Structure formats: structure tokens, C-alpha cells
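K.L.:
Handing you this structure, nothing more for now.
What follows draws every value from the coordinates through simple rules; no lab data is involved. Note that this is a predicted model, so its numbers are computed, not measured. Using ideal geometry, Cβ is built from the backbone for each residue, glycine included, and neighbour counts are taken over all protein chains shown.
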Amino acid sequence: MKIALIGYGKMGREIEKAALSRGHEIVSIIDINNQDDFESEAFKSADVAIEFTNPMVAYSNYMRAFKAGVKLVSGSTGWMAEHGDEVKELCSKGGKTLFWSSNFSLGVAIFSAVNKYLAKIMNQFPAYDVTMSETHHVHKLDAPSGTAITLAEGILENMERKNVWVKEEAHSANELPIHSIREGEVFGIHTIRYDSEADSISITHDAKNRGGFALGAVLAAEYTATHEGYLGMSNLFPFLKD
Ligand SMILES: NC(=O)C1=CN([C@@H]2O[C@H](COP(=O)(O)OP(=O)(O)OC[C@H]3O[C@@H](n4cnc5c(N)ncnc54)[C@H](OP(=O)(O)O)[C@@H]3O)[C@@H](O)[C@H]2O)C=CC1
Ligand SMILES: O=C(O)C1=N[C@H](C(=O)O)C[C@H](O)C1
């Protein structure tokens, strides 16, 4: 498969390795310095472009790739609150294709399913309160992490006594607080903790490197080459739907 990369930073380079190891060809690499290449024949020849940049530029990259007629996989976080509805509509009704996930690692796909299941159980046990924490490297631009927001949404969908996530401190019982820590070169740790007077139950996902995110993004690109619309991990792994 022909893959274009948009963003050639920590993730772009890791994805290049994963794509080559699965027999794919990298036909174009667009970074901040060669934005004209969105119009190049090399970019347009890609079956799928994989975009990992930052919260401020992801949306404009999507528009440029859509204009060039290239399907997209993106892991950029922090853009969804502002542009999510518009981008989803462009994909569901406007004929564009984007596979987006806040976290492409297979471990987080599993963790996310466990998170929803645990929230469903805890819905029956009001003695437990729930909090979340996420730790990432100091270069990260957004907080809370995209993964933390997705995990929080999974809890809110399944637990009646919580209806909104908040940054850091909860001020009322219906709020789910997410604590963000920025430390060294941490790849990404997410912990969900249920606490009662008697005991606590915690689940944690701890990324050991960026290889898992990159492999998941390449698997998503392989899926996207033959599918259309707004796609996510629950398309790749239908067990995540509940
Ligand atoms: N979904 C997932 O599984 C994961 C998501 N992420 C997310 O992916 C994003 C990227 O992470 P990471 O690779 O670590 O970040 P980096 O900062 O290492 O890489 C981003 C790259 O994008 C470049 N860039 C900036 N502006 C543009 C532009 N307009 N067009 C093309 N390239 C541009 C940057 O160049 P320069 O440095 O010169 O500005 C940099 O090389 C973040 O939003 C992060 O949260 C990260 C890991 C996993
Ligand atoms: O910026 C990162 O590094 C990561 N970002 C994603 C997020 O915001 O959840 C995924 C992963 O945790 C690494």
C-alpha cells in the first residue's frame, strides 16, 4: 500500500518504521516546511495519509488532504472540541474518509473495553467514587490527553451518577475529575481509580514505547484503504462497541 505521512516528528518517524516493516511504501512526507506537497502527484498517489501533528494544525491538514482526495488516518489530539462535529459530518455526509483515534495502541483498545465494563459494574455500587489520572512527557501540548477524554466518555456513558468530566478538581458528585501530570519522557500512563471507605480498585495502562501506537495506526490505514466515512477503533475491533 502507498502511504503518505503528514507530520514527521516522534510519531511520524515511528509510523514510518512500522509501515515499512509491514511491506508498505512511503510515497510522501509532509512536515511544517513543505506544505505545498499536499498538491503534489506523490501525495495524491497515496492510498492513505497518516497524520500525527498537533492540536492547532490537524484540522487544516485534514482539509488539505480531503481536497487532494486522499483518505486519512489521524492520531492528533486536542482538535475535537472545536472541529469534531464538522469533520464527522464531512465524513458521514460529504464523502470524505477519516479514521481517528485518541490512542491507536491495541492495549488501550482492550483497556477501553475493560474500562466500560468496570463502569457498568460500578454503576451498581454507589459507595465507590471514580477519578482518573494521566501522565505524559513534558512536550505534550494538550491536557487532559485525548485518551483520558475518550476513557472518561466511556465512564460517563455507563455510570448514571457521573455526567461530566472536569480538569483536576471535582466540585460536585456528578463530576469526574481528570488529573494531568507532565513528567520527563513518559510515553503515556492512564489510571482509573475507584475508591470507597473500605478499599480501592485501580486499572492502569502504561505504554512502554511508541511502537504500539504506530502499529495500530498502520493497521488502521490498512483498514481505511478499503472503507469509507468516519472510522474509529470500534470499526477495527467490533468488540469495543458495547
Ligand atoms: N492517537 C495516538 O495513538 C497518539 C496520538 N499522539 C498525538 O499525535 C500528535 C503528534 O505527536 P508527536 O509525534 O509525539 O508530536 P511531535 O511534536 O514529535 O511531532 C509533530 C510533528 O508535526 C510537525 N508539524 C507541525 N505543524 C505541521 C503542519 N502544519 N503540517 C505538518 N506537520 C506539522 C512538527 O514539526 P515542528 O516540530 O517543526 O513543529 C513535528 O515534526 C499529538 O497530538 C499527540 O497527542 C501521540 C501519540 C499517540
Ligand atoms: O502526546 C502523546 O504522546 C500521546 N498522546 C495521545 C493522547 O493524547 O492520549 C496518546 C498517547 O497517550 C500518547
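K.L.:
Quick check: the angle from helix 80-92's long axis to the longest principal axis of the chain, C-alpha only, nearest 10 degrees?
P.N.:
60 degrees
K.L.:
OK, next. Tell me whether the stretch 1-127 comes out rounded, prolate or oblate; compute the Cα gyration tensor, take square roots of the eigenvalues as a ≥ b ≥ c, and use a/c under 1.5 as the rounded threshold. Present the calculation step by step, with values, prior to reporting the outcome.
P.N.:
Working: a/c = 2.38, a/b = 1.71, b/c = 1.39.
Prolate is the answer for the stretch 1-127, as a/c is 1.5 or above and a/b outweighs b/c.
K.L.:
Moving on to the next point. Using modelled backbone amide H atoms (1.01 Å from N, in-plane), which distant-in-sequence or interchain residues come within less than 5 Å of residue 6's amide H?
P.N.:
30, 50, 51, 52
K.L.:
Let me ask you something else. Three principal axis extents, largest first, for the C-alpha atoms of the stretch 85-149, in Å?
P.N.:
So the three principal-axis extents are 47, 33, 22 Å.
K.L.:
Have a look at 60, 19, 94 and report the one farthest towards the positive end of the charge dipole of the chain, computed about the Cα centre with Cβ charges (Lys/Arg +1, Asp/Glu -1).
P.N.:
19
K.L.:
Another question, then. May I ask you to derive the relative contact order of the chain, considering only C-alpha pairs under 8 Å and at least 6 residues apart, and to give it as an integer percent? Display every interim value, and only then the final one.
P.N.:
Working: 462 pairs, mean separation 54.3, N = 242.
The value is 22 percent.
K.L.:
Got the relative contact order for the stretch 1-117 handy, in percent, Cα pairs under 8 Å and 6 or more residues apart? Show your work: numbers first, answer last.
P.N.:
Numbers: 162 pairs, mean separation 25.7, N = 117.
Reported relative contact order: 22 percent.
K.L.:
Still on this structure, I have one more. Give the span of the chain's Cα atoms along each principal axis, as three whole-Å numbers ordered largest to smallest.
P.N.:
Extents along the principal axes: 63, 40, 30 Å.
K.L.:
Calculate for the chain the 222 nm mean residue ellipticity that helices alone would give, adding -39,500 (n - 2.57) per DSSP H run of length 4 or more and normalising by residue count, nearest 500 deg cm²/dmol. All intermediate terms of the calculation are to be shown ahead of the outcome.
P.N.:
Working: 8 runs with 85 residues, N = 242.
Helix-only estimate at 222 nm: -10500 deg cm²/dmol.
K.L.:
Treating cross-link reach as a plain straight distance, find the lysines whose alpha-carbon is under 21 Å from the alpha-carbon of residue 167, omitting any fewer than eight places away in the same chain.
P.N.:
116, 140
K.L.:
How far is the Cα center of the stretch 107-158 from the Cα center of the stretch 22-62, in Å?
P.N.:
First find each Cα centre; the distance between them is then 31 Å.
K.L.:
Quickly rank 184-195, 211-222 as a protection proxy: mean count of other C-beta atoms within 10 Å, highest first.
P.N.:
Details: 184-195: 17.3, 211-222: 22.6.
With the highest mean Cβ count within 10 Å placed first, the list reads 211-222, 184-195.
K.L.:
Also: What are the ³J(HN,Hα) values, in whole Hz, obtained from phi via the Karplus relation 6.51 cos²θ - 1.76 cosθ + 1.60 with θ = phi - 60°, for each residue of the stretch 42-52 in sequence order, with x given for Gly and Pro?
P.N.:
So the Karplus estimates, Gly and Pro as x, are 4, 5, 5, 7, 5, 6, 8, 9, 10, 10, 9 Hz.
K.L.:
Going Cα to Cα from residue 2, which lysines come in below 29 Å? Please leave out same-chain ones fewer than 8 positions away.
P.N.:
The reachable lysines, counting only those whose Cα sits under 29 Å from residue 2, are 10, 17, 44, 67, 71, 88, 93, 96, 208.
K.L.:
Shifting gears a bit: Please list the non-local residues whose amide H lies under 5 Å from the amide H of residue 231, H modeled 1.01 Å from N, same-chain partners needing a gap of 5 or more.
P.N.:
Amide H neighbours of residue 231, under 5 Å, 5+ apart: 98, 99, 100.
K.L.:
Continuing with the same structure: Suppose we keep just the DSSP beta bridges with both residues in the chain; what percent of those would be antiparallel, to 5? Intermediate results must be reported in sequence, preceding the final value.
P.N.:
On the way: 14 of 41 bridges.
Among the beta bridges of the chain, antiparallel pairing accounts for roughly 35 percent.
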